[in-house]
Number of protein chains: 2
Amino acid sequence: MPPNQRRKQKHTTTNRVSLAMVAAHANVSTATASRIINGITNKASEQTIIQVKKAVEELGYRPASIGRALRCQESRMVGVLAASLANPTMSAIASSIEWALRDEGYIMSLCDTHEEADIQDEYLREMQSQLARAVVIIGAVQSELLNDYRHNGTTLLFVNRPAPDQKNSHYVGINNYQAGVDVANTLLQNGKRHIGIIHASLEFTAAAERRRGLLDRLSEEGIHPNDVPHAHSEGLNHLEVGYKSMETFLEMPNRPDVIVCLSDMLAYGAYRLTQEMGLDPVEDFTFFGFDDNPLNPWVAGWLNSVGVPASAYGPATVATLKAIWNQSPPTEPVYLPHQFRLNKAFFLLSLKK
Amino acid sequence: MPPNQRRKQKHTTTNRVSLAMVAAHANVSTATASRIINGITNKASEQTIIQVKKAVEELGYRPASIGRALRCQESRMVGVLAASLANPTMSAIASSIEWALRDEGYIMSLCDTHEEADIQDEYLREMQSQLARAVVIIGAVQSELLNDYRHNGTTLLFVNRPAPDQKNSHYVGINNYQAGVDVANTLLQNGKRHIGIIHASLEFTAAAERRRGLLDRLSEEGIHPNDVPHAHSEGLNHLEVGYKSMETFLEMPNRPDVIVCLSDMLAYGAYRLTQEMGLDPVEDFTFFGFDDNPLNPWVAGWLNSVGVPASAYGPATVATLKAIWNQSPPTEPVYLPHQFRLNKAFFLLSLKK
DNA sequence: AATCTTTAGGTAATCGATTAACCAAACAAA
DNA sequence: TTTGTTTGGTTAATCGATTACCTAAAGATT
């Protein structure tokens, strides 16, 4: 290793500008400098204020948030834990939340828990340890720490997927049960009664609620849950589950012509198989999904889906966080209005009715 | 406001456990506790070590990374700035990097710059101010601060899209020029010579290089750049640009039958229009994209694409970061081997040759 | 003139963890 | 016995910013 590189390594020439340097440059104490920088001007003369501001400018000073966070025991950072960034719905929600947070002067720190409880716990701890102002979980999984954190002062907000036990927690997102009911209504109104369900794990409240709403409504119309075939498999990602599940349906003697997938990703998987088998996803089936993936209008025109526009999440999430901080937390889940996106064939069909 | 809520607000019962509390609980000094917790055992007796570990366990202590970061002037956090999380390619890369970083004990903090220079600058500053160990930029845009940061000690790594000026910077990702050449080769080998290009801004090195490689190779085979029609529009997202651009091509008297889109998102946009016009994206055209979006095999079987598997990014990125930290930075861009994904029709065609 | 008030700003403690420097006791070597 | 040396710790400084509390000087009031 050349010696000039060694030198650099020995002491990273920390060219960070600290408050002390600004204060020295302006010939005032750090207290004065700090006050002026934070806009507390009633303790300084016009002259001093100008000096300090000049020093800040000249040195290119920016407060180290880490120092402030340590002292104030609170940072401007909001941790966002997403279950799977590979799922465009979740990344789009995260992106929307980022916009809204930055608008209010907060910084988003996004992490990917890969749907694993211990990774989620690790990040929960890390956020705590970084003194995050709040933790937003897009797609929570049941984990050991989750319940502890619910009560230890950290602001915790569940987005898109309710808390595993739904108790003492704040939620922003779709009304999963109602969405299930609405899908059932749409199908029934258009004379679709031969329905199959594809689902992954039902441990997640979101999926379970969607299914419950759907089946409840179908029951009311005389379609017994036992007459609604289910296909699923666990341990794979939703795309693969959808694919495998569709295989199951295609092998059935009297296969359903409506395939309700409890998430769009499942529908994507099912679609792949229909393509490979030379079937038509619009003529031969009616596919329904949940979440309305933002890519749907572009690459999945065949899919019907119900969901909340991703851009609605950011404002609602931030508004809810602020309400919690203001000691006026919502007492009810914050349900965002969901919308249907229907494919052309189904749309025309529904017009005729 | 009820009084019990007021009380809570007055002083957030900071139930964080600090090192001092652990030390007190174990009847040792913070120095001793700190050393034991960090595994420096040559300064402590067996007895003391057990005491401290018991205290840590009983109190559920976890070091506040903020304190450590302040003291050591360095955190375990790596900032990842993505240009657009709504783009599944970028989120998938981020997700992969997250895995690899966590494997090495680092924490990813992901931000969305929305392709905007000043947001990128804001996050660059914030990362600096949080003492991030490194900053990884997935899709950098030219910005004021970018050049400063290249030289002020912060480890900076460009992923998937080279630095705007390509000088003095580290890059991990696809060899854009070569990928362009390879696409040209594949087309030529299969007798495809009537080619159109859809692109968004060519200010980004990635897009410009792809185009250059493509046109250079076509030139060699006697297809002059002027004979390769281009369609583009600025200011919209890639999906919309693709859609608009495809309109342009469809209106042309002698429209190309091969549409090379400089990103998959552009291809998605173009695809939407072909669907709406009742055209067949496989029979009527040959679509080529770049990046091989991970969703392609599931919902875009019609697309041919060249790209690097998202999962390859994480390991390569982390390895490069470690090399930089070890004072043995790569002197060349780190090119990850790219692969082709061909649609069925094109694959069969290429077999025949 | 004596006292009070305001202005302008400094001193030092604090947040949590790390670590250089120091120290007392035990033990070993000369 | 005196002089190292090792063991097992402690004390206190430090990182960067904030802020409660103090103070000196100037101006206002009685």
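Only the coordinates and a few stated rules stand behind these numbers; no lab work does. Please read all numbers here as calculations on a predicted model, not as lab measurements. Cβ coordinates were reconstructed from backbone atoms using ideal geometry, including for glycine residues, and neighbour counts include every protein chain displayed.
Among A:THR286, A:THR186, A:THR48, which one shows the highest mean-square fluctuation when chain A is modelled as a Gaussian network with alpha-carbon springs under 10 Å?
Maximum fluctuation in the GNM of chain A, among the listed residues, is at A:THR48.
Over the protein assembly as shown, what lengths in whole Å, largest first, do the semi-axes of the equivalent ellipsoid take, defined as the square roots of 5 times the eigenvalues of the alpha-carbon gyration tensor?
For the protein assembly as shown, the ellipsoid semi-axes come out as 46, 35, 23 Å.
Percent of Cα-Cα pairs more than 18 Å apart in segment B:176-307, please. Mind showing how you got there, number by number?
Values: 4107 of 8646 pairs.
Of all Cα-Cα pairs in segment B:176-307, 48 percent lie more than 18 Å apart.
Placing a label point 7 Å from Cα toward Cβ, how far apart in nm is B:ASN38 from its equivalents in the other copies, listed shortest first to one decimal?
Copy-to-copy label distances at B:ASN38, shortest first: 2.9 nm.
Name the residues whose placed amide hydrogens come within less than 5 Å of the amide hydrogen of B:PHE287, ignoring near sequence neighbours (fewer than 5 apart) on the same chain.
Close amide H contacts, sequence-distant or interchain: B:ILE259, B:ASN304.
For a quick check: with amide H placed at 1.01 Å from N, whose amide H comes under 5 Å from A:MET77's, ignoring anything fewer than 5 positions away on the same chain?
When sequence neighbours closer than 5 places are left aside, the close amide H contacts are A:ILE107, A:ARG133.
Give a residue-ordered list of calculated ³J(HN,Hα) values for segment B:20-25 (Karplus: 6.51 cos²θ - 1.76 cosθ + 1.60, θ = phi - 60°; whole Hz; x for Gly, Pro).
Running phi through 6.51 cos²θ - 1.76 cosθ + 1.60 with θ = phi - 60° gives 4, 5, 4, 4, 4, 4 Hz.
If amide H atoms are built 1.01 Å from N in the plane of the peptide, which residues on other chains or at least 5 residues away come under 5 Å of the amide H of A:PHE158?
A:ILE137, A:HIS170, A:TYR171, A:VAL172
Over 32 Å between Cα atoms, which of A:LYS167/B:LYS53; A:LYS54/A:LYS322; A:LYS344/B:LYS352; B:LYS167/B:LYS322; A:LYS167/A:LYS352; A:LYS344/B:LYS244 qualify?
A:LYS167/B:LYS53; A:LYS54/A:LYS322; A:LYS344/B:LYS352; A:LYS167/A:LYS352
Between A:LYS352 and A:LYS167, what length comes free when the chain is fully extended (0.36 nm per residue of separation minus the Cα-Cα distance, one decimal in nm)?
Contour length minus the Cα-Cα distance gives 62.2 nm.
Classify segment A:93-145: rounded, prolate or oblate, from the alpha-carbon gyration tensor (a ≥ b ≥ c, eigenvalue square roots; a/c under 1.5 rounded; otherwise prolate if a/b is larger than b/c)?
It is oblate, given that a/c is not under 1.5 and a/b is not larger than b/c.
Arranged by the count of other C-beta atoms within 10 angstrom, fewest first, what order do B:CYS111, B:CYS72 take?
If I rank by nearby Cβ atoms, fewest first, I get B:CYS72, B:CYS111.
At what distance in angstrom do the alpha carbon centres of segment A:228-291 and segment B:297-353 lie from each other?
Between the Cα centre of segment A:228-291 and that of segment B:297-353, the gap is 29 Å.
Using alpha carbons only, what's the Rg to Rh ratio of chain A with Rh from Kirkwood?
We get a ratio of 1.13 for chain A.
Once R0 is set to 60 Å, what does the formula 1/(1 + (r/R0)^6) return for the Cβ-Cβ distance between B:LYS344 and B:ASN27, expressed as a FRET efficiency to the nearest 0.05?
After rounding to 0.05, the efficiency reads 0.25.
Per 10 Å bin, what is the whole-percent P(r) computed from every C-alpha pair distance within segment A:59-182?
Whole-percent P(r) values from 0 Å outward: 13, 42, 32, 10, 2, 0, 0.
Run through the other copies and list how far each one's label point is from that of A:ALA20, in nm with one decimal, shortest first; the point sits 7 Å from Cα along Cα-Cβ.
Spelled out, the distances from A:ALA20's label point are 2.0 nm.
With each label point set 7 Å from Cα along the Cα-Cβ vector, what nm distance links B:ASN237 and A:ASN152?
Each label point is offset 7 Å from its Cα along the Cβ direction, giving 3.7 nm.
What full-extension length gain, to one decimal in nm, is calculated for B:THR331 and B:GLU104 as 0.36 nm per residue of separation minus the Cα-Cα distance?
79.4 nm
Defining the label point at 7 Å along Cα→Cβ, can you sort the distances from B:LEU351 to the same site in each other copy, shortest first, in nm?
Taking the point 7 Å beyond Cα along Cα→Cβ, the inter-copy spacings are 4.2 nm.
Taking the Cβ-Cβ separation of B:ASP118 and B:MET252 as r and a Förster radius of 51 Å, what is the calculated FRET efficiency to the nearest 0.05?
For B:ASP118 and B:MET252, the calculated efficiency is 0.85.
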